[in-house]
Amino acid sequence: MKTSILVQNLKCGGCAHTISTKLATIKNVSKLQVNVEQSKVSFEYSNEEDAFKVKEKLKNLGYPSIEDANSFSSKAKSFVSCATGKLSK
């Protein structure tokens, strides 16, 4: 199955790199694409549990879906994730 999640705080290639790297570790998730301009993360998954894992991982990295609250904590996490992504490119 294929789905997309619209996320908050996705601003640049550093953010996209961190998201791609971290989500690649989730089993049964493939064909991951991060679109910075649309703030969208698209991927294929095997079952609903895998899709929920992706959504939860995004939230933990500071990129909550548009349905979730975007707290100060989320914004701070995304700033760190972004910087990490820029440095590890």
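Observations, loosely collected:
- In the chain, the portion of solvent-accessible area held by carbon and sulfur atoms comes to 54 percent [1.4 Å probe, whole percent, DNA, RNA and ligands not counted].
- Shape box of the stretch 1-44 [Cα atoms, principal axes, largest first, Å]: 27, 18, 13
- Per-residue extension of 0.36 nm, minus the Cα-Cα distance of ASP68 and GLN38, leaves a gain of 9.1 nm for this segment.
- Between the listed residues PHE43, SER73, SER4, the Cα displaced farthest toward the positive end of the dipole of the chain, a dipole computed from Cβ unit charges relative to the Cα centre, is found at SER73.
- Rounded to the nearest 20 debye, the dipole magnitude of the chain is 360 debye, with +1 charges on Lys and Arg beta carbons, -1 on Asp and Glu beta carbons, and the Cα centre as origin.
- Accessible surface of ILE66 - all protein chains present, 1.4 Å probe, nearest 10 Å²: 100 Å²
- Alpha-carbon centroid distance for the pair the stretch 1-20 / the stretch 24-68, whole angstrom: 7 Å
- Within the chain, longest stretch free of exposed GluC sites (Glu not before Pro) [DSSP loop, at most 13 other beta carbons within 10 Å]: 1-36
- Mean residue ellipticity at 222 nm, helices only, the chain: -15000 deg cm²/dmol; runs of at least 4 DSSP H residues each add -39,500 (n - 2.57), and the sum is divided by the number of residues.
- Between helix 48-61 and the chain: long-axis angle, C-alpha atoms, 0 to 90°, nearest 10: 10 degrees
- Per residue accessible area in Å² of the chain, where ligands, DNA and RNA are left out and the probe is 1.4 Å: 60 Å²
- Mean Cα-pair separation over length for the chain, i.e. relative contact order, pairs under 8 Å, 6 or more apart, %: 39 percent
The values are calculated or read from the model by the stated rules, or taken from the named source; none is laboratory data. Quantities reported herein were computed from a predicted structural model and do not represent experimental measurements. Note that we place each Cβ from the backbone using ideal geometry, even for glycine, and neighbour counts take in every protein chain shown. Keep in mind that these areas ignore ligands, DNA and RNA; they rest on the heavy atoms of the full protein, side chains included. Shrake-Rupley method; radii C 1.70, N 1.55, O 1.52, S 1.80 Å.
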